[in-house]
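Before any comments, here is the structure.
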Amino acid sequence: MFFFVVLTFVSVRGQQSDQSQVDANKSKAPDTTASTSPPTTEQSKTATQTSTDPYVFPTSRKRFNRYVNNTVGPVSLVRTAASAGFNQWDNDPLEWGQGAEGYGKRFASSFGKNAIRHTVQYGLSEAFRLDTGFERSKRKGFWPRLSDALIQNVTSRTRSGKRVLSAPIFIGVYAGSIIPAETWYPSRYSYKDGLRSGTYSLATGFGLNVLREFVIKF
């Protein structure tokens, strides 16, 4: 924002001494215009926005702590363990076998996928200056709250609070699925499997956001 300061110099020249005295007295009189004038349209608009939109862009510390919790926090580890357990039950991938060793591989794989996802998402959100965190709706009613919960799965907020389609979320989800499929997964897996897995993860995120909004905060 650029501020322009206009300096105005006023000199009053009078021909009569008594007229000069009158002008001098006027210049010393206090100006009550600024204190009594009603607020401008812009001021009223700003005040209205402040009272109706309480959004504040999170601090760098809060954004980093959120990244740590999403990666190695208690809830994240429980989700990782549950995902590994489901894959163990489904025997996927088949090559990793069963037993403690098979579960250990699946747990490490789920942990790595989650770490890649949130590291990419965090890095891009910092680069683009976006807030990718979830926030419970301030609106009333089931449908407005449901709408707010669902839209947050694919959007982020700018520093001004505006919602935009979130590149960090999309790239993070698919990077967290494609990279494992192309690296430590068995050779029969490819990026196509990663794309499919990423789409499942993105779809699951809608359900998780609904739980966050209506059931439990995590």
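The values are calculated or read from the model by the stated rules, or taken from the named source; none is laboratory data. Keep in mind it's a predicted model, so treat the numbers as computed, not measured. Quick reminder, even Gly has a Cβ in these numbers, built from the backbone with ideal geometry, and neighbours come from all protein chains shown.
Does residue 185 count as more than 18 Å from residue 80 (Cβ to Cβ), among the hydroxyl-bearing types (Ser, Thr, Tyr), out of contact with any Phe, Trp or Tyr (no Cβ under 7 Å at 6 or more places or on another chain) and not in a helix (DSSP H, G or I)? Spelling it out, it is not the case that residue 185 is more than 18 Å from residue 80 (Cβ to Cβ), among the hydroxyl-bearing types (Ser, Thr, Tyr), out of contact with any Phe, Trp or Tyr (no Cβ under 7 Å at 6 or more places or on another chain) and not in a helix (DSSP H, G or I). Hey, could you check region 149-196 for residues that are surrounded by fewer than 16 Cβ atoms within 10 Å (Cβ to Cβ), over 24 Å from the mean Cα position of the chain (by Cα) and in contact (Cβ under 8 Å) with a residue 60 or more places away in the chain and say which is nearest to residue 131 (Cα to Cα)? This residue is 184. Among 164, 173, 210, which is of a type in the set (Val, Ile, Thr), in a strand (DSSP E or B) and at pLDDT 95 or above? The conditions single out 164. If you go through region 128-152 and keep only what is more than 13 Å from residue 162 (Cα to Cα), assigned to a loop (DSSP other than H, G, I, E, B) and of a type outside the set (A, V, I, L, M, F, W, C), you end up with 133, 135, 136, 137, 138, 139, 140, 141.
Could you look through region 69-96, keep only residues that are exposed (fewer than 13 other Cβ atoms within 10 Å of the Cβ) and either touching a strand residue (DSSP E or B) at 6+ places or on another chain (Cβ under 7 Å) or at pLDDT 95 or above (or both), and pick out the one that is farthest from residue 182 (Cα to Cα)?
Here the answer is 74.
Contact annotation: residue pairs with Cβ atoms under 8 Å, 6 or more positions apart or on different chains, pairing a residue in region 118-143 that is surrounded by 12 or more Cβ atoms within 10 Å (Cβ to Cβ) and β-branched (Val, Ile, Thr) with a partner that is modelled with pLDDT of 95 or more and part of a loop (DSSP other than H, G, I, E, B), are 132/166.
When you look at residue 199, is it of a type in the set (Ser, Thr, Tyr), surrounded by fewer than 16 Cβ atoms within 10 Å (Cβ to Cβ) and under 18 Å from residue 67 (Cα atoms), yes or no? Step through it out loud before you land on a result.
Values: of a type in the set (Ser, Thr, Tyr): yes; surrounded by fewer than 16 Cβ atoms within 10 Å (Cβ to Cβ): yes; under 18 Å from residue 67 (Cα atoms): no.
Taking the combined requirement at face value, the residue does not satisfy it.
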